[in-house]
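Enquirer: Can you read through this structure? Questions will come right after.
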Amino acid sequence: MKKGREKEILHLLIERRRIEVAELSGLLGVSQVTIRKDLDELEKRHLIRRVHGFAELNSEDNINSRLAYHYEEKTKIAEKAAELIRDGDTVMIESGSCCALAAMTIAQTKKNVTIVTNSAFIADYIREEDNVQIVLLGGIYQKDSQCLVGPMIRDSAMNYNVPLCLIGTDGWSERAGFTNKDQMRAQAVRDMSGSAEKVVVLTESEKFRSAGTVPMNLRCPLTVITDNLLEEHIRTVLTSQGIEIITAE
């Protein structure tokens with residue numbers, strides 16, 4: 001019941017962006033006390049923000065807001081990604097909402113893991129977890145995405161050799177491959193992926209319907225973890241390019 005309410009609250013906020021606690025209580029048929037407890041939990045997970053009797057999403061450019069979109073699908077993708085990590089591993093994780101959920105799942109289910117990231121958001125998101133060591137790569141801080149970019153990322157990432165680098169994407173096309181909307185973030189992904197034996201792209205299938213302006217030009221072996229709505233012709237193209245596809249169901 002609780003998970004069902006949380007899912008419905010997120011759907012309502014995605015549609016309306018802001019809604020009163022009293023209205024949520026009426027729509028979902030539970031007390032305002034129960035709604036406030038649900039909202040407390042959602043806010044703790046950085047999915048919403050509470051303001052003076054209302055619940056609301058953050059700015060659309062803010063990673064806290066992006067966490068709420070397709071939350072159920074992203075959670076399943078994160079769980080699949082965590083299955084690739086073993087106790088004691090060191091893994092690089094780039095910024096993004098799927099990556100943040102994967103980092104949390106890894107931190108909660110694995111032991112003695114080191115997460116190397118350029119995301120200040122991820123470092124803060126998992127800071128209370130005891131089984132993980134966090135290494136934050138240096139660079140220029142981007143406020144909305146709460147990540148670090150620039151040449152210092154390359155210099156820092158070169159000190160590592162890791163089995164996996166988990167990344168997100170803003171889009172994809174058959175010609176350009178995986179893309180980003182931001183040149184500096186795309187370069188940060190290239191720099192981090194250069195220190196990994198394999199890159200794993202975490203993304204909802206919706207991202208395959210459009211492309212960003214900056215190709216990420218990923219060279220190392222690729223695996224994609226996505227939901228079960230990936231269109232068959234896209235699956236065929238990815239497979240023909242030697243990209244492994246893992247479906248999170």
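Coordinate-derived values only; no laboratory data. Remember, predicted model here, so these are calculated numbers, not experimental data. Here the Cβ positions follow ideal geometry from the backbone for every residue, glycine too, while neighbour counts run over all protein chains shown.
Enquirer: I'd like the Karplus ³J(HN,Hα) series for the range 28-43: coefficients 6.51, -1.76, 1.60, θ = phi - 60°, whole numbers in Hz, and an x wherever there's a Gly or Pro.
Expert: Going residue by residue, I get 9, x, 10, 6, 5, 4, 5, 4, 4, 5, 4, 5, 4, 5, 5, 5 Hz, with x marking Gly and Pro.
Enquirer: Here is a further query. Could you tell me whether the range 1-53 comes out rounded, prolate or oblate from its Cα gyration tensor? Rule is a ≥ b ≥ c as square roots of the eigenvalues, rounded for a/c under 1.5, then prolate if a/b exceeds b/c, otherwise oblate.
Expert: Rounded.
Enquirer: List C165, C98 from most exposed to least, where exposure is judged by having the fewest other Cβ atoms within 10 Å.
Expert: Final ranking by Cβ density, sparse to dense: C165, C98.
Enquirer: Now a separate question. Using helices alone, what [θ] at 222 nm do you get for the chain, with -39,500 (n - 2.57) per DSSP H run of 4 or more residues, divided over all residues and rounded to the nearest 500?
Expert: Computed ellipticity for the chain at 222 nm equals -12000 deg cm²/dmol.
Enquirer: Sticking with this structure for a sec: Given an 8 Å cut-off on Cα distances and at least 6 residues of separation, report the relative contact order of the chain as a percent.
Expert: Here the relative contact order equals 14 percent.
Enquirer: Of V162, M184, I225, which is farthest along the charge dipole of the chain in the positive direction, counting Lys and Arg as +1 and Asp and Glu as -1 at C-beta?
Expert: Looking along the dipole axis, the top candidate is M184.
Enquirer: What ranking do 180-189, 104-113 get when scored by the average of other Cβ atoms within 10 Å per residue, highest first?
Expert: 180-189, 104-113
Enquirer: Taking H as built 1.01 Å from N, whose amide H comes closer than 5 Å to the amide H of N118, not counting residues under 5 places away?
Expert: Close amide H contacts, sequence-distant or interchain: I93, S95, L137.
Enquirer: Applying 1/(1 + (r/R0)^6) with R0 = 22 Å to the Cβ-Cβ distance of K37 and E128, what FRET efficiency is obtained, to the nearest 0.05?
Expert: Efficiency for this residue pair is about 0.65.
Enquirer: Let me ask something additional. Please turn the phi angles of the range 93-108 into ³J(HN,Hα) values with the Karplus equation 6.51 cos²θ - 1.76 cosθ + 1.60 (θ = phi - 60°), one per residue in order, whole Hz, x for glycine and proline.
Expert: Values, residue by residue: 9, 7, 6, x, 6, 4, 5, 5, 5, 5, 4, 5, 4, 4, 4, 8 Hz.
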